[in-house]
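Bear in mind that the values in this text are calculations on the coordinates, not laboratory data. Just so we're clear, the structure is a prediction, and the values are computed from it rather than from any experiment. Heads up, the Cβs are rebuilt from the backbone with ideal geometry, glycines too, and the neighbour counts pull from every protein chain shown.
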Amino acid sequence: MDKGKSVVAELSASSSSLPSPSSYPFSKKAKPRKLVSLCLGTLGQHLEDIITDISEFAALFPPHITLAIMSIARRKSLLNDKVLTSLAESSWQILDISGSDVTDAGLATVANVCSNLRAVDISRCEKITTAGVSEIVCHCPSLEILRCGGCPRSEVTARRCLNLLKPKLNALEEDSWEELDTLDIGGGAESLRWLVWPMIDDKSKVTLAVECPRVTVNPQPSLFDLSGYSKVPIEALSSVPLDHSVVEDIDPKTWAVSAAPPRAVAPANPNVPSAPPEIPMAERFRLAYVEREARLAPKRAKRERQRRRRAERDYMMVDIDARSVALAAQASRNLRKS
């Protein structure tokens, strides 16, 4: 019996010396990425090579995959009208095209396809105007979150879109109330609740507060958000990208380095004078330096001649032999002239 107890004691002592499961190296590692995320990362690293043919295989992917591809394309500065319209799906609820080359035409096409959009980010889009925002407001009745501003042109667009965001009543006339039931009495962004506009001016803020009291401008996270009972949706926080949840599990190295896709050059029309090619910045500096040197060369030559004459004069004043030689040469020249 004593021998059995000693064996148990030795086993317990040896087991206590082993590291606990929580101390193993693999337990400290981050959560492994999903296989789909790894595949998207590989696809995203070579996205610029296939971006021109994306319309041919975009239909093969489910909506959440096309949304992730669009988010990667935006981060690699590859998002434009063609890419966006090729990937757009009717089930999308968020649309982040911030800082892209999307125009009003592309945004209008997506607004017609993705009518269930709930959050849209058009900040830093220099090619989006009030026409594109009007299409979003008109075709997306469930729009709750709108992000805008971020660059001078986008700031101007945001100020011009205030009238589009205000709810309004349409003046309708019909023969009976039953016929009015089939018409839209209201207009504007009726479902809008959150407006993310970091550089909003005071006048626009007052206008929204008076005419759109239900719209919260630039919401900030509160203590309730930290405790898990969030009142402000994460899509309405300016510190978090709108499509962060879409690419959260994808390696950021996917869009760390990108190369601009080759753009097709339109054939030159001989009847239309083509614009002169743009001179690179380094060549501009070189030409400016050459021009400056050519302009200053005569002045430098004149100063050099003056310096030599001054040096010769000083030398003759100090050295007697040199002065006598100079005077003899001058006397001989005078004799020849006489």
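Residues being in contact with a Phe, Trp or Tyr (Cβ under 7 Å, 6 or more places away or on another chain), closer than 15 Å to S100 by Cα and of a type in the set (G, A, S): count how many of those fall in segment 114-160.
1
Hey, does segment 124-141 have a residue that's within 21 Å of T216 (Cα to Cα), in contact (Cβ under 8 Å) with a residue 40 or more places away in the chain and of a type in the set (G, A, S)?
No, segment 124-141 contains no residue that is within 21 Å of T216 (Cα to Cα), in contact (Cβ under 8 Å) with a residue 40 or more places away in the chain and of a type in the set (G, A, S).
In segment 93-107, how many residues are surrounded by 20 or more Cβ atoms within 10 Å (Cβ to Cβ) and farther than 17 Å from R147 by Cα?
1
Being out of contact with any Ser or Thr (no Cβ under 7 Å at 6 or more places or on another chain), among the β-branched types (V, I, T), in contact (Cβ under 8 Å) with a residue 24 or more places away in the chain and crowded, with 20+ Cβ neighbours inside 10 Å, is that true of even one residue in segment 62-70? Talk me through it step by step, then tell me what you get.
So the first thing to find is which residues in segment 62-70 are out of contact with any Ser or Thr (no Cβ under 7 Å at 6 or more places or on another chain), and the list is 62, 64-70.
Imposing the further condition that a residue be among the β-branched types (V, I, T) reduces the set to 65-66, 69.
From the residues that got through so far, the ones that are in contact (Cβ under 8 Å) with a residue 24 or more places away in the chain too are 65, 69.
Narrowing further to those that are crowded, with 20+ Cβ neighbours inside 10 Å: 69.
Within segment 62-70, one or more residues are out of contact with any Ser or Thr (no Cβ under 7 Å at 6 or more places or on another chain), among the β-branched types (V, I, T), in contact (Cβ under 8 Å) with a residue 24 or more places away in the chain and crowded, with 20+ Cβ neighbours inside 10 Å.
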